[in-house]
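Colleague: Supplied in structure tokens, the structure appears directly below.
The values are calculated or read from the model by the stated rules, or taken from the named source; none is laboratory data. Keep in mind it's a predicted model, so treat the numbers as computed, not measured. Backbone-built Cβ (ideal geometry, glycine too); neighbour counts: all protein chains shown.
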């Protein structure tokens with residue numbers, strides 16, 4: 001296995017880009033990432049997307065995106081997997097470089113979710129669930145998360161305010177992130193009183209579905225050194241899956257996919273959870289963030305609410321979580337989210353994260369799931385030395 | 001680069017499986033392929049699918065399919081790319097083994113197209129085109145192929161009967177294939193007189209959209225030898241892309257993606273076109289088959305019609321083409337088609353193709369495209385020695 005570094009990143013603002021299409025966003029992110037990495041010759045492109053065929057009626061995204069971006073006929077692989085597509089693609093790109101299959105790969109995610117009425121987003125996102133065993137009975141992704149929230153509060157005597165406080169923290173973080181979709185302040189009252197999505201979760205407990213594209217260039221340290229001097233090492237990326245239908249799961253308070261992927265990734269990177277200096281985790285809803293913190297062994301089981309209250313997940317806390325604002329406030333552009341996370345942690349480890357910078361971050365973690373943890377990808381990045 | 005062999009194949013019948021879902025089909029193909037290859041421990045699954053989110057509302061296919069098939073939490077990558085997804089996935093799986101990234105991979109394609117009314121198939125398939133530059137103006141995939149057919153006939157003085165004769169040959173082949181969707185005889189008159197899809201192309205010029213799943217196990221010769229003794233070597237797999245929109249192309253009578261992918265694959269395998277003893281090409285429409293034969297340098301430019309007339313593409317002809325019946329008559333289960341082709345050519349090279357067997361086939365070719373050649377993957381397989 002060769003060492004793998006991120007040698008360049010590019011992102012668009014996460015937003016409702018009514019005036020731009022998928023390929024415009026993709027091109028912006030890819031051009032930025034290529035420039036940031038010294039414009040190398042890419043051997044293979046990996047493109048992640050969750051809902052392009054459902055929302056934009058575009059199913060063959062490799063040629064569609066690469067042609068417009070002017071990337072010629074480099075081989076391209078389109079990777080799906082709903083909201084976890086970005087993580088899956090990162091793993092594929094990482095393994096391509098690590099194994100010697102490719103010297104330089106570009107992994108880019110793109111999603112355009114604002115081209116449909118908001119009410120349709122629920123049905124689009126439910127394609128990450130089991131239609132026959134769940135959706136046909138009326139269950140939604142928000143519904144599963146709401147059940148998990150109720151269950152969590154009862155099991156661990158957690159409070160509604162603690163969940164809301166997670167959202168408050170994420171919005172606070174997003175205010176320093178120029179790429180964030182929702183860079184404004186909210187209060188716990190505002191979160192709890194915003195309109196209900198699936199009780200107890202409200203609009204402000206939920207990540208906004210929005211548009212964006214992010215790209216990263218992965219290569220070996222030796223190749224990167226010739227082109228740029230600001231890299232971050234990808235020390236481990238692992239994936240695991242679980243039953244799609246929650247009816248087959250033992251608990252709503254943990255995701256086996258995250259637990260297993262994290263264990264493998266920590267081992268691969270030779271890192272312990274308490275060494276993580278910054279993380280970008282998959283908080284599609286506030287409760288999802290709680291479960292992630294615990295499944296990743298960053299916070300003790302059942303203590304996420306207290307950790308949030310005590311400021312542990314704040315930017316200057318013990319476990320700086322989602323300095324970008326996370327899915328909750330940076331925004332959640334579906335299959336691009338997992339790539340944003342890698343780009344953001346790379347900037348953190350390079351010390352180039354601007355207003356979102358966590359001082360002295362040496363080791364970072366990324367965590368991207370599909371559905372309610374049907375699949376999970378966990379990445380561990382290190383400052384390159 | 002390590003040598004790569006196909007050590008096992010599995011297929012379901014291509015059909016309208018109204019009584020079975022995607023995961024049932026997938027499981028049947030995967031179990032068969034695993035058994036056929038001596039039940040190895042698979043390191044990585046690649047799953048190809050074109051329209052699962054549009055037709056079955058399932059977007060996160062890795063966990064969805066693997067869980068049901070009982071394949072645990074082996075890493076899985078879901079690969080898209082419309083009707084070319086199978087080819088893209090084969091290339092990814094091949095490279096995984098060739099590079100040493102994985103020792104044993106399983107590449108499976110699955111598609112379920114019969115769960116929507118036939119009239120909706122046109123709009124689903126048009127997601128492989130450019131919505132903004134083509135589909136919004138009323139163009140369909142059949143429409144592009146019809147324009148190509150008109151243009152072909154005019155440019156090369158080809159006849160309508162020659163196109164129909166291609167379909168006749170495919171149906172004749174399919175009658176010997178137990179997995180074929182349309183194993184019945186047609187005549188040129190019947191093809192020409194069947195109802196028009198996009199003039200001059202009729203219903204019987206067109207591949208049926210149907211259901212099916214195919215799986216292949218790829219590994220190294222050394223590993224395969226311990227588990228089975230019937231393998232075929234994958235000597236080369238290459239991909240190329242083109243503009244999605246035909247408005248950006250120079251000609252409708254050639255696909256740059258196929259030409260480039262073929263050239264690369266021939267070079268990689270060290271094989272010349274005249275050495276191909278059997279091929280499975282992408283004949284979504286009769287005209288698409290003509291263009292493929294020429295772009296793959298199997299038939300001289302403009303001579304496909306004559307080649308068909310002279311029986312050159314027949315099972316006992318000089319260039320046995322689609323002994324399975326091809327997309328036209330075996331059927332075209334979207335993202336699974338490219339995997340069927342690899343499975344079929346493997347059976348040919350093993351001498352286990354039953355009634356479809358081409359005597360003495362030593363080298364085979366597969367050709368899978370997305371859209372009207374937005375992307376193409378060409379594979380060259382050899383009898384293993």
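Colleague: Tally time: how many residues in the stretch B:4-23 are in contact (Cβ under 8 Å) with a residue 24 or more places away in the chain and either in a helix (DSSP H, G or I) or under 12 Å from residue B:112 (Cβ atoms) (or both)?
Modeller: So the count comes out to 10.
Colleague: Looking at the structure I just gave you, is residue B:219 surrounded by 23 or more Cβ atoms within 10 Å (Cβ to Cβ), within 14 Å of chain A (Cβ to nearest Cβ) and either under 30 Å from residue B:353 (Cα atoms) or at pLDDT below 95 (or both)?
Modeller: Criteria not met by residue B:219.
Colleague: Further question: Consider residue A:153 against the criteria (1) surrounded by fewer than 20 Cβ atoms within 10 Å (Cβ to Cβ); (2) in contact (Cβ under 8 Å) with a residue 24 or more places away in the chain; (3) outside any helix (DSSP H, G or I): it satisfies all of them except one. Which criterion is unmet?
Modeller: (3)
Colleague: Of the residues A:46, A:88, which is under 14 Å from residue A:108 (Cα atoms) and assigned to a helix (DSSP H, G or I)?
Modeller: On the way: A:46 fails: assigned to a helix (DSSP H, G or I).
Criteria check complete, one pass: A:88.
Colleague: I need the full set of residues from the stretch A:240-251 which are more than 8 Å from every other protein chain (Cβ to nearest Cβ) and within 18 Å of residue A:284 (Cα to Cα), in order please.
Modeller: A:245, A:246
Colleague: Another question about this same structure. Go through the residues of the stretch B:15-29 one by one and say whether even a single one is within 20 Å of residue B:74 (Cβ to Cβ), modelled with pLDDT of 95 or more and over 22 Å from the mean Cα position of the chain (by Cα).
Modeller: no
Colleague: Of the residues B:135, B:121, B:105, only one is touching a strand residue (DSSP E or B) at 6+ places or on another chain (Cβ under 7 Å) and either modelled with pLDDT of 95 or more or at the interface with chain A (Cβ under 7 Å from one of its Cβ atoms) (or both); which? It would help to see each step written out before you state the result.
Modeller: Details: B:135 fails: touching a strand residue (DSSP E or B) at 6+ places or on another chain (Cβ under 7 Å); B:121 fails: either modelled with pLDDT of 95 or more or at the interface with chain A (Cβ under 7 Å from one of its Cβ atoms) (or both).
The match here is B:105.
Colleague: Being in a loop (DSSP other than H, G, I, E, B), surrounded by fewer than 19 Cβ atoms within 10 Å (Cβ to Cβ) and either within 13 Å of chain A (Cβ to nearest Cβ) or without any contact (Cβ under 8 Å) to a residue 24 or more places away in the chain (or both) is the filter here, so list the residues in the stretch B:252-275 that pass it.
Modeller: B:272
Colleague: Residue by residue through the stretch A:156-170, note down the ones that are surrounded by fewer than 20 Cβ atoms within 10 Å (Cβ to Cβ) and not in a helix (DSSP H, G or I).
Modeller: A:157, A:159
Colleague: Shifting gears a bit: Find all pairs meeting these conditions: Cβ atoms under 8 angstrom apart; at least six residues apart or on different chains; first residue within the stretch A:26-52 and at positive phi; second residue surrounded by 24 or more Cβ atoms within 10 Å (Cβ to Cβ).
Modeller: What qualifies is A:38/A:7; A:38/A:8.
Colleague: Among the numbered conditions (1) farther than 28 Å from residue B:356 by Cα; (2) surrounded by fewer than 23 Cβ atoms within 10 Å (Cβ to Cβ); (3) modelled with pLDDT of 95 or more, tell me where residue B:129 comes up short.
Modeller: Checking residue B:129 against (1) farther than 28 Å from residue B:356 by Cα; (2) surrounded by fewer than 23 Cβ atoms within 10 Å (Cβ to Cβ); (3) modelled with pLDDT of 95 or more, the one that fails is (2).
Colleague: Take residue A:136 and tell me if it is closer than 27 Å to residue A:50 by Cα, in a helix (DSSP H, G or I) and without any contact (Cβ under 8 Å) to a residue 24 or more places away in the chain.
Modeller: yes
Colleague: For the stretch B:35-56, which positions are more than 12 Å from chain A (Cβ to nearest Cβ) and surrounded by fewer than 21 Cβ atoms within 10 Å (Cβ to Cβ)?
Modeller: If the condition is that a residue be more than 12 Å from chain A (Cβ to nearest Cβ) and surrounded by fewer than 21 Cβ atoms within 10 Å (Cβ to Cβ), then B:35, B:38, B:39, B:40, B:41 are the ones that fit.
Colleague: Something else: Mind telling me which of the residues B:237, B:278 ends up being within 14 Å of chain A (Cβ to nearest Cβ), under 22 Å from residue B:352 (Cβ atoms), buried (at least 24 other Cβ atoms within 10 Å of the Cβ) and at pLDDT 95 or above?
Modeller: Details: B:278 fails: within 14 Å of chain A (Cβ to nearest Cβ).
Within the list B:237, B:278, the selection yields B:237.
Colleague: Could you tell me whether the stretch A:77-100 includes any residue that is at the interface with chain B (Cβ under 8 Å from one of its Cβ atoms), surrounded by fewer than 24 Cβ atoms within 10 Å (Cβ to Cβ), modelled with pLDDT under 95 and over 21 Å from the mean Cα position of the chain (by Cα)?
Modeller: yes
Colleague: I'd like the residue in the stretch B:1-25 that is closer than 26 Å to residue B:99 by Cβ and buried (at least 17 other Cβ atoms within 10 Å of the Cβ) and, out of all such residues, is nearest to the other protein chains (Cβ to nearest Cβ). If you could, list the steps in order and put the result at the bottom.
Modeller: Narrowing the stretch B:1-25 to residues closer than 26 Å to residue B:99 by Cβ: B:1-10.
With the extra rule that they be buried (at least 17 other Cβ atoms within 10 Å of the Cβ), the set shrinks to B:4-10.
Values: B:4: 12, B:5: 18, B:6: 19, B:7: 20, B:8: 23, B:9: 22, B:10: 21 Å.
Per the stated criteria, the residue is B:4.
Colleague: Only residues that are touching a residue at least 24 places away in the same chain (Cβ under 8 Å) and surrounded by fewer than 14 Cβ atoms within 10 Å (Cβ to Cβ): list them for the stretch A:171-188, please.
Modeller: Scanning the stretch A:171-188 gives a single hit, A:178.
Colleague: Ok, one more. Could you list, ordered by first residue, the pairs with Cβ atoms under 6 Å in which the first is in the stretch A:229-240 and closer than 11 Å to residue A:363 by Cβ and the second is assigned to a loop (DSSP other than H, G, I, E, B), at least 6 apart or interchain?
Modeller: A:232/A:384; A:233/A:384
Colleague: Same structure, new question: From the residues in the stretch A:57-75 that are facing chain B (nearest Cβ under 7 Å) and surrounded by fewer than 24 Cβ atoms within 10 Å (Cβ to Cβ), which one is farthest from residue B:92 (Cα to Cα)?
Modeller: A:57
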